[in-house]
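Following: one structure in structure tokens, then a few remarks.
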Amino acid sequence: MDDDLFQSVYETILRRDTRYDGIYYVGIRSTGIFCRPSCRSRIPKPENVQVYSSIEEARWAGFRPCKRCRPDSPSLEGPDAEIARAVTDLIENRYPGNLTLGEMAAAINISPYHLQRVFKRTTGTTPAKQLLHTRMEAAKRFLVQNEQAIAEIAVEVGFRSVSHFSVVFQKTVGCTPNEYRGKIR
């Protein structure tokens, strides 16, 4: 590999650029592992980097897959995106209940701290904000689609009290639930 091409590949490693995941793999001589270019492990020294075009090529050269970025898993997005998707799916399916960070983390078998960090880095928001957003979107749908009482909708989207629901709704949407229902109809 010529120096200019190596330098551009190494820059993608420095940026942890996910666009090149699955296109090439990075073997690290000092550790004997190979990673995705976006791996969040410690950045290797340039002299320890070897670039491979396939998983088989990296394995044939004697490298084993990284346990952090799992380059041999079928997803091109990587484990962080898989965690974020699992949390988003969990929120979509269980938003009406009392869903805590600890419960989300236990459901996908990772620590709450790691879940919070990975979700924020991957999506740009926290699990709590995503949960609130999901609840507010559901509340807006219910307000438009049927004649349920506000109190019933509040409970149905995961709030224990109508007053708390109304305050949160007004803060996030910009109007009360009654005003929202009146504007849409």
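What follows draws every value from the coordinates through simple rules; no lab data is involved. What you are looking at is a predicted structure, and each value in this text was computed from that prediction instead of being measured. Cβ: placed from backbone, ideal geometry, glycine included. Neighbour counts: every protein chain shown.
Whole-Hz Karplus ³J(HN,Hα) for the range 64-69, in order, using 6.51 cos²θ - 1.76 cosθ + 1.60 and θ = phi - 60°, x for Gly and Pro?
With coefficients 6.51, -1.76 and 1.60, one gets 10, x, 5, 7, 7, 8 Hz.
Do the sum for the chain: with -39,500 (n - 2.57) for every DSSP H run of n ≥ 4, divided by all residues, what is the mean residue ellipticity at 222 nm, to the nearest 500 deg cm²/dmol?
-16500 deg cm²/dmol
Going highest first, how would you order 133-143, 14-24 by mean Cβ packing within 10 Å?
133-143, 14-24
Read through the labelled values (1) 0.98; (2) 1.42; (3) 1.05 and report the label of the one computed as Cα Rg over 2.2 N^0.38 Å from the structure.
(2)
Setting aside same-chain residues fewer than 8 positions from Lys129, which aspartates and glutamates have a Cα under 20 Å from its Cα?
Once the sequence-local aspartates and glutamates are set aside, what remains near Lys129 is Asp80, Glu82, Asp89, Glu92, Glu103, Glu137, Glu156.
Mind checking which lysines have their C-alpha under 20 Å from Lys183, skipping anything on the same chain fewer than 8 residues away?
Within the straight-line limit of under 20 Å, Lys183 reaches these lysines: Lys140, Lys171.
So in the chain, which Cys have no other cysteine's beta-carbon sitting under 4.7 angstrom from theirs?
Cys175
Rank the residues Arg160, Arg36 as a footprinting-exposure proxy: fewest other Cβ atoms within 10 Å of their Cβ go first.
So the residues, fewest neighbours to most, are Arg160, Arg36.
Could you pull out every whole DSSP H run in the chain that spans at least 24 Å of Cα extent along its own axis and averages -1.0 or higher on the Kyte-Doolittle scale?
Qualifying helices: 127-145.
Report the one residue of Tyr180, Ile108, Ile43 whose Cα lies farthest in the direction of the positive end of the charge dipole of the chain (charges on C-beta: Lys and Arg +1, Asp and Glu -1; origin at the Cα centre).
Most positive-ward Cα: Tyr180.
Please enumerate, by chain and number, the lysines with C-alpha under 22 Å from the C-alpha of Lys45, excluding those fewer than 8 residues away in the same chain.
Lys67
In terms of the Cα gyration tensor, with a ≥ b ≥ c the square roots of its eigenvalues, is the range 3-65 rounded because a/c is under 1.5, prolate because a/b exceeds b/c, or oblate?
rounded
Hey, rough spin-label estimate for Arg85 and Ala61, points 7 angstrom out along Cα→Cβ, what's it come to in nanometres?
That separation, rounded to one decimal, is 2.8 nm.
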